[in-house]
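Read the structure below first, then the notes.
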Amino acid sequence: MKKIDLHIHTVQTMSDRAFKFSLETFSRYVTEARLDAVAVTNHDIFDGAQFRVIQQALDTVVFPGIEVNVEKGHVLIIARPSDLEEFEPKANLVSKRIAKIGDSMSVEELIAIFGGLQNYLVVPHYDKGPEIAGEALKKLKSYISAGEVDSAKKFVRNIKDPAKLTPVLFSDSRMMENLIKLPTRQTFVDCGTVTLEALKSCFQDKAKVALSERDGNKLWQVFDDGQKLSTGLNVLIGARSTGKTHTLSQISNIIKNVKYIEQFSLVQQNEANEFKSSVERRRSAFVDDYLTDLKRVVDEVVKIDLAANERKIVTYLETLLKSADEADRRDAFSKSTLFDEVDFPIGNATTLQSLIEAVRHVIENIEYRSVIEKHVDLNALKRLACELIEVLRAKVLEAKKKRAVNELVREVKQVLKMRTAAVQVQDVDFYAAAMDEKRVAKFSEIIHHLKKDAVIFQETVQGFKIEARKNAYAGAGEIKAASGTKSAFSEAFRKYDNPYNYLRELMQIDALPSADYCKLFARISYRILNRDGHEVSGGERSEFRLLQEIADAQNYDLLLIDEPESSFDNLFLKGEVNQLLKSISQTMPVVVVTHNNTVGASVGADYILYSTKESESGMPRYRLFAGYPTDKQLVSVDGKTINSHETLMNSLEAGVDAYEIRRSGYEAIKN
């Protein structure tokens, strides 16, 4: 097996953070990591002079390459060392094309520059940002050798999926001065001499690519001293103060995107109010979705001003009566046809537009095409869509004409009004006013229904039931808390029983965003129920939080848990926790620190680590011993060994003697 890292930066570019290249660091990395091949791949640039110096200095195969920004994603283009003279001018064309931050080239431009990509190793960011995806990935697919990922979890996920590209894990590191921690992300390939052709051949067979030399994809390197972890479930044991938490902190600092559940962290945060707030935050998307339709209604009602409508009607009646009283005094200007003319009513085409959109969705749907064609003639639908579009165009044109006429009539009426003393009857749209009344009545009906106490959501999580309820607010304080503002709501609450008047009061509060109005009509609260249907106790809240935190780890690349037994009983640990840990370790690496045999011995670990602490020159020296659960000995990276059975007994059972005494005691009372 050959160890390779084909993504290394040696030049600070506009896409990089500041760093100063160090050939000594690069040489130390190649030597200490025992790399058989590396590639220099700077962002959109290739420094030929520097590359030649690196190539001469390093005792390994060095490939020339470049990391190109293609359609907002990154792709590595790696050439043969023997093709350096041909590769360099092509890389320079990339630098001319991508000259400032934000520049990106198309796949077609990339292919044109390199004269086809079949003679290169093409490795796009695949399960790693910024990734090559969508159409860009399709266009490149025939040239791609492998896909770069950024974690052991993603490597294993892609290696198991036959539909995915062969994954490779590279450091993507900067060879800078004073680099204390050397990179630990490399890939092993099963080939002889490392050539571009050999790598292409290996990448075509996922069985020839691995995270470790001897253990395939079961183990991966986590520390630069060579210490490995399982890609599944790791159990870390050891005496008190031997560096277990220190080890977790080291892992958390080195690996990106880690979920770290620290010791006692869940118990320290289990106050009822904070617990409920946490549950509500996690399910805020449900609340937003539940209130989506109400928000649309509120947005329409906000535009309705019943008082203004009332004033318009009163003004209309007053001017109508006055005009009738003064009918005998009307002059030529007030008698003209346009003097009392009203505007053309202009409707909206929302319904027609929605109908056209619905027909379009049916026509364009691919997933259910066979079902649709059983019942509907698609050609007829297309004709319907065309006719509806023609109707829409006609309505839009008619509305445009009416607006133009209304504008002219208003101008004429204004001139006539200025030239006469006669009273002009003020226009009012009785239909629109009546519809506003209907809308407000319907709005009130909806809000009264919303305030009725009812369960609106239930979800079962690891034996617990999450229940969301809706009901009316009990006071202004509850509304203020829900608003998240410091504004007073006492005046608004006085009108809470009249939804429309209450909404008008909310509109007077400047600090309150209009998007939040819909959340202040009914209170949505959560309860967590245990298996008996009762609200959870303090201890059960902690259990629920732990299960939630573990389940949330699916969004991370690594899960670390420090001594869960410190806060929970053995039955809970052996049941729900062990089951969930074992399940999640099938898809990602997990490290659990424990002193407890319920977790340590019963969880079914894939890998065991044992921490020790020694004193060297007055300073603590931590050492890890590791091995599989069936190994007779655990081994450290520097070759020291310890007895597995004795170590496990001392760490998890308080020693062999204590274990035998407990075992015999249990046997004595066994029925």
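Collect residues whose amide H, placed 1.01 Å from N in the peptide plane, falls under 5 Å from the amide H of I456; neighbours closer than 5 in sequence don't count.
A468, R469, K470
Under 12 Å from the Cβ of L416, count the other residues' Cβ atoms, weight Lys and Arg +1, Asp and Glu -1, and hand me the total.
Numbers: positive: R330, K335, R410, K413, K417, R419; negative: D331, D340, E341, E411.
Computed value for this residue: +2.
Within the set of other residues whose C-beta is less than 13 Å from the C-beta of H448, count the net charge using Lys and Arg as +1 and Asp and Glu as -1. If you can, show how the numbers build up before the last one.
Values: positive: K442, K451, K452, K470; negative: E445, D453, D497.
Computed value for this residue: +1.
Count the net charge of all other residues whose Cβ sits under 10 Å from the Cβ of L558, scoring Lys and Arg as +1 and Asp and Glu as -1.
Details: positive: K153, K256, K259; negative: D557.
Local net charge: +2.
Please arrange I4, I313, I180, I550 by counting, for each residue, the other beta carbons lying within 10 Å of its beta carbon, fewest first.
I180, I313, I550, I4
HN-Hα J couplings of the range 129-145 from phi, Karplus 6.51/-1.76/1.60, θ = phi - 60°, integer Hz, Gly and Pro as x?
Whole-Hz 3J(HN,Hα) from phi for the range 129-145: x, x, 8, 7, 8, x, 5, 4, 5, 4, 5, 8, 3, 5, 9, 6, 9.
Straight-line reach from K574: which lysines have a Cα under 23 Å away, not including same-chain ones fewer than 8 places off?
Cα-Cα hits under 23 Å: K244, K259, K465, K582, K670.
Name the residues whose placed amide hydrogens come within less than 5 Å of the amide hydrogen of Q227, ignoring near sequence neighbours (fewer than 5 apart) on the same chain.
V222
Based on DSSP, what percent of beta bridges with both residues in the chain are antiparallel, to the nearest 5? Could you put the intermediate results ahead of the total?
Details: 48 of 84 bridges.
Looking only at bridges with both residues in the chain, the antiparallel portion is about 55 percent.
Between the range 405-434 and the range 37-90, what is the C-alpha centre distance in whole Å?
77 Å
List every residue whose amide H lies under 5 Å from the amide H of L609, counting only residues 5 or more places away in sequence or on a different chain, with H placed 1.01 Å from N in the peptide plane.
Excluding prolines and chain starts, which carry no amide H, the hits are V235, L236, I237.
Starting at the first residue of the range 230-239, write each ³J(HN,Hα) from the Karplus equation 6.51 cos²θ - 1.76 cosθ + 1.60 with θ = phi - 60°, in whole Hz, x for Gly and Pro.
6, 7, x, 9, 9, 10, 9, 10, x, 5
When a/c is below 1.5 the answer is rounded, else prolate if a/b is larger than b/c, else oblate, so apply that to the range 2-221 with a ≥ b ≥ c taken from the square roots of the Cα gyration tensor eigenvalues.
Details: a/c = 1.44, a/b = 1.07, b/c = 1.34.
Judged from the Cα gyration tensor, the range 2-221 comes out rounded (a/c under 1.5).
Which of the three applies to the chain, rounded, prolate or oblate, going by the alpha-carbon gyration tensor with a ≥ b ≥ c and a/c under 1.5 meaning rounded? Intermediate values should be presented prior to the final figure.
Numbers: a/c = 2.90, a/b = 1.60, b/c = 1.81.
Note, shape of the chain comes out oblate.
For the range 2-221, with the dipole built from +1 on Lys and Arg beta-carbon atoms and -1 on Asp and Glu ones, taken about the Cα centre, which of Y143, F46, A210 lies farthest toward the positive end?
Ranked along the dipole, the leading option is A210.
When a footprinting reagent is the concern and you count Cβ atoms within 10 Å, what order do Y496, Y610 take, fewest first?
Working: Y496 20, Y610 24.
Ordered from fewest to most neighbouring Cβ atoms within 10 Å, Y496, Y610 come out as Y496, Y610.
Determine the alpha carbon to alpha carbon distance for each of K442/K470; K303/K442; K72/K141; K154/K613 and list only those over 25 Å. List each step's numbers first, then the result.
Working: K442/K470 20 Å; K303/K442 15 Å; K72/K141 17 Å; K154/K613 33 Å.
K154/K613, as the Cα separations exceed 25 Å there.
Explain nothing, just compute: Karplus ³J(HN,Hα) = 6.51 cos²θ - 1.76 cosθ + 1.60, θ = phi - 60°, for every residue of the range 613-621 in order, whole Hz, x for Gly and Pro.
10, 10, 10, 10, 6, x, 10, x, 10
Mind sorting K141, K218, K128 by how few other Cβ atoms lie within 10 Å of their own Cβ, fewest first? Write down the numbers at each step before the final one.
On the way: K141 12, K218 18, K128 21.
Ordered by Cβ neighbours within 10 Å, fewest first: K141, K218, K128.
Bear in mind these aren't lab numbers, they're just calculated from the coordinates by the rules spelled out. None of the values given here were measured: they were computed from a predicted structure. For neighbour counting, all protein chains shown are included, and Cβ atoms are generated from backbone atoms with ideal geometry for every residue, glycine included.
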